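*Asks:* Structure below; questions to follow.
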Amino acid sequence: MSTQQTTVLTAERTGSTPSPATQYAAADPERFVRELYAEHGTALLTYAARRLDNDWHRAQDLVQETAVRAWHHGPALTLSADGIRPWLFRVLQNLLIDDHRARSVRPKALHQLDDVVIPVADGTDRVLAVQLVREALADLTAQQREVLHIVYFRGLSVNHASDLLGIPPGTVKSRTYYALRALKRALVARGVLG
């Protein structure tokens, strides 16, 4: 027995005639779904989106599932054209309830996993920073490198650097100041500082 014959027999038993949409659900499923969306799609989508706090993507998924179920049941649907809409809304309502239950059981993700960057302490950043500073230091004069090495890398005070270099403390301060400015320019040129 063909699907259309089953539809007609079911319609005869219930005393109703199948709607034009359900008559060709099995014969032309693409047309059935297109007309279903044209007549009821906007109302179903609006209803679902409202129930899902305007999550249009989930709403579209549930409306599509509703259409698939209507297509599967199309030959058996012997409702009048006005009667198919309540059936669609009932199916959509059931899908919304199932969706809500499924989401309430699962823990909510705070972040999308694709957007999460997990830092790994592998020392790569430090190695790159040291290399960039070494290259920038190569741009400085010998006096500037020497004063920075003594004051910053060895950690000596201005007075100790003055004694070690045999120059007045004011000269150590000015050389340090100009060396830091030159180092900053070299790092900006390499794109490290903005």
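The values are calculated or read from the model by the stated rules, or taken from the named source; none is laboratory data. Given the structure is predicted, the values throughout are model-derived calculations rather than measurements. Positions of Cβ are generated from backbone atoms using ideal geometry, with glycine treated the same way; all protein chains shown enter the neighbour counts. Note: areas computed on protein heavy atoms with side chains; ligands, DNA, RNA excluded. Shrake-Rupley method; radii C 1.70, N 1.55, O 1.52, S 1.80 Å.
*Asks:* For the range 156-194, give me each residue that is at pLDDT 90 or above and at positive phi.
*Replies:* Within the range 156-194, just Gly166 meets the criteria.
*Asks:* Do any residues in the range 45-72 that are open to solvent by 90 Å² or more (accessible area, probe 1.4 Å) have Cβ atoms under 7 Å from those of residues that are outside any helix (DSSP H, G or I), where the two are at least six apart or on different chains, and which pairs are they?
*Replies:* Close Cβ pairs (under 7 Å, with a partner that is outside any helix (DSSP H, G or I)) amount to Trp71/Ala25.
*Asks:* Do the conditions hold for Arg154, that is, is it among the charged types (D, E, K, R) and open to solvent by less than 70 Å² (accessible area, probe 1.4 Å)?
*Replies:* no
*Asks:* Suppose the filter is open to solvent by less than 80 Å² (accessible area, probe 1.4 Å) and free of Cβ contacts under 8 Å to residues at least 24 places away in the same chain; does Ala179 pass it? Talk me through it step by step, then tell me what you get.
*Replies:* Values: open to solvent by less than 80 Å² (accessible area, probe 1.4 Å): yes; free of Cβ contacts under 8 Å to residues at least 24 places away in the same chain: no.
Taking the combined requirement at face value, the residue does not satisfy it.
*Asks:* Which ones in the range 143-194 are more than 20 Å from Leu132 (Cβ to Cβ) and of a type in the set (S, T, N, Q)?
*Replies:* Gln143, Ser157, Asn159, Ser162, Thr171, Ser174, Thr176
*Asks:* Quick check on the range 2-16. Is at least one of its residues under 33 Å from the mean Cα position of the chain (by Cα) and either open to solvent by 50 Å² or more (accessible area, probe 1.4 Å) or modelled with pLDDT of 50 or more (or both)?
*Replies:* No, the range 2-16 contains no residue that is under 33 Å from the mean Cα position of the chain (by Cα) and either open to solvent by 50 Å² or more (accessible area, probe 1.4 Å) or modelled with pLDDT of 50 or more (or both).
*Asks:* Across the range 26-44, what is the number of residues that are open to solvent by 40 Å² or more (accessible area, probe 1.4 Å) and of a type in the set (A, V, I, L, M)?
*Replies:* Selection size over the range 26-44: 4.
*Asks:* Hey, among Thr141, Thr124, which residue is hydroxyl-bearing (Ser, Thr, Tyr) and modelled with pLDDT under 85?
*Replies:* None of the other options fit; the residue is Thr124.
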